[in-house]
Amino acid sequence: MRLSASLKHWIVPALVLLAWQLCGAAAIAPDYLSTPSDILRALWEIAGDGELTAAVSASLYRVAGGYALGAGVGVLAGLAAGIVPGVRNFFEPLVSLLQSVPKIAFFPVIVLLFGIGHGSKIAIIAVSCFFPLFVSARAAVATVNRHLLWAGRNMGAPPHTLFLRVVMPASLPQLFVGLRIGLAHAFVVLFAAELIGSNAGLGSIITDGENSDRFDLMFAGILCFAVLGFVADRLLLVLRGWLLRGQLIGTEEQLSP
């Protein structure tokens, strides 16, 4: 039953791909809309000469480094802001001022600081991930049930035990919401940063395809971005399910296939 329910989710995408392929074969679709079979052939082409492996490795290195750095600092700062008034008073005005600014706008300045290589990509991804993680962590602490904190204090729990055994477990569901949003931001900013200036990575494949009118190659790079983002999100959901296995019991999310 679970397998049957899972297959139902793929019916519409499969029909769309089939219609796309048929329209391309019948010359109904425009020339720049490469068919799925052409895109797969382009993937096979760049996989065969090693270009795909090098590009995926470079992009994964950048997104993993930037996401880890931005998420780590964002979560720590958000948790601290939720607990310590001084930290909250310092960060709140800055976050409110800067979070609505497109982070890619800072990329020229970051390139001047870190160069055109990996450093600038990691830095801009980290900056982009910081804001949703800070807001999520700050809100997570604010939503912790006060009765849990009072119960812990009445039982004589010291502050560090109260934080590790009460605040953190109660904050994790909201934190994972921010982690998923931050992960999506990481791939979006990586895509933009590699398009603006990069000699390696999936963005360079897309740029090369566009410049040479190889639209199949361009779509192949976009498909790789989509697959990497999807796999990363599924891995994050697996981690969440493992950490929150007690909190998800009986919920709609836990029961869904």
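Of everything in the range 95-131, what is surrounded by 13 or more Cβ atoms within 10 Å (Cβ to Cβ), without any contact (Cβ under 8 Å) to a residue 60 or more places away in the chain and either among the hydroxyl-bearing types (Ser, Thr, Tyr) or in contact with a Phe, Trp or Tyr (Cβ under 8 Å, 6 or more places away or on another chain) (or both)? Give them in sequence order.
Answer for the range 95-131, where residues must be surrounded by 13 or more Cβ atoms within 10 Å (Cβ to Cβ), without any contact (Cβ under 8 Å) to a residue 60 or more places away in the chain and either among the hydroxyl-bearing types (Ser, Thr, Tyr) or in contact with a Phe, Trp or Tyr (Cβ under 8 Å, 6 or more places away or on another chain) (or both): Val95, Leu98, Gln99, Ala123, Val127.
Any residue in the range 240-248 that is assigned to a helix (DSSP H, G or I), out of contact with any Pro (no Cβ under 9 Å at 6 or more places or on another chain), at pLDDT 85 or above and crowded, with 17+ Cβ neighbours inside 10 Å?
Checked the range 240-248: no residue is assigned to a helix (DSSP H, G or I), out of contact with any Pro (no Cβ under 9 Å at 6 or more places or on another chain), at pLDDT 85 or above and crowded, with 17+ Cβ neighbours inside 10 Å.
Can you pull out every residue in the range 172-200 that is among the small types (Gly, Ala, Ser), modelled with pLDDT of 80 or more and more than 11 Å from the chain's Cα centre (by Cα)? Before the answer, list the steps.
Of the range 172-200, the ones among the small types (Gly, Ala, Ser) are 178, 182, 184, 186, 192-193, 197-198, 200.
The next check asks that each one be modelled with pLDDT of 80 or more; those that pass are 178, 182, 184, 186, 192-193.
Those that are among the small types (Gly, Ala, Ser), modelled with pLDDT of 80 or more and more than 11 Å from the chain's Cα centre (by Cα): Ala192, Ala193.
Consider Ala54 carefully, then state whether it is among the hydrophobic types (A, V, I, L, M, F, W, C), at pLDDT 80 or above, farther than 20 Å from Val135 by Cα and crowded, with 17+ Cβ neighbours inside 10 Å.
On the way: among the hydrophobic types (A, V, I, L, M, F, W, C): yes; at pLDDT 80 or above: yes; farther than 20 Å from Val135 by Cα: yes; crowded, with 17+ Cβ neighbours inside 10 Å: no.
For Ala54, the condition - among the hydrophobic types (A, V, I, L, M, F, W, C), at pLDDT 80 or above, farther than 20 Å from Val135 by Cα and crowded, with 17+ Cβ neighbours inside 10 Å - is not met.
Scanning the range 188-239 for residues that are among the polar types (S, T, N, Q) and part of a loop (DSSP other than H, G, I, E, B), which turns out nearest to Leu112 (Cα to Cα)? Lay out the reasoning, then the answer.
Taking the range 188-239 and keeping what is among the polar types (S, T, N, Q), we get 198-199, 204, 207, 211-212.
Within this subset, residues satisfying the condition of being part of a loop (DSSP other than H, G, I, E, B) are 198-199, 212.
Details: Ser198: 14, Asn199: 16, Ser212: 29 Å.
This residue is Ser198.
Could you please tell me which pairs satisfy a Cβ distance under 6 Å, a separation of 6+ or placement on different chains, a first residue in the range 179-202 that is at positive phi, and a second residue that is of a type in the set (Asp, Glu)?
That search, which allows pairs on different chains as well, returns Gly201/Glu194.
Can you find a residue that is more than 30 Å from Ser120 (Cα to Cα) and touching a residue at least 40 places away in the same chain (Cβ under 8 Å) anywhere in the range 64-77? If you could, list the steps in order and put the result at the bottom.
We begin by selecting, within the range 64-77, every residue more than 30 Å from Ser120 (Cα to Cα); these are none.
No, the range 64-77 contains no residue that is more than 30 Å from Ser120 (Cα to Cα) and touching a residue at least 40 places away in the same chain (Cβ under 8 Å).
Mind counting the residues in the range 19-39 that are without any contact (Cβ under 8 Å) to a residue 12 or more places away in the chain and exposed (fewer than 14 other Cβ atoms within 10 Å of the Cβ)?
7
Hand me the list of helices (runs of 4 or more DSSP H) wholly inside the range 1-119 holding 2 or more residues that are closer than 22 Å to Glu210 by Cβ and not β-branched (Val, Ile, Thr). Write out each step before concluding.
Values: elements: 2-8, 11-25, 36-48, 51-83, 85-98, 107-114.
By residue number, 11-25, 36-48, 51-83, 107-114.
The values are calculated or read from the model by the stated rules, or taken from the named source; none is laboratory data. Predicted model only: the values in this text are computed from it and were never measured. Don't worry about glycine lacking a Cβ; one is built from the backbone with ideal geometry, like all the others, and counts go over all protein chains shown.
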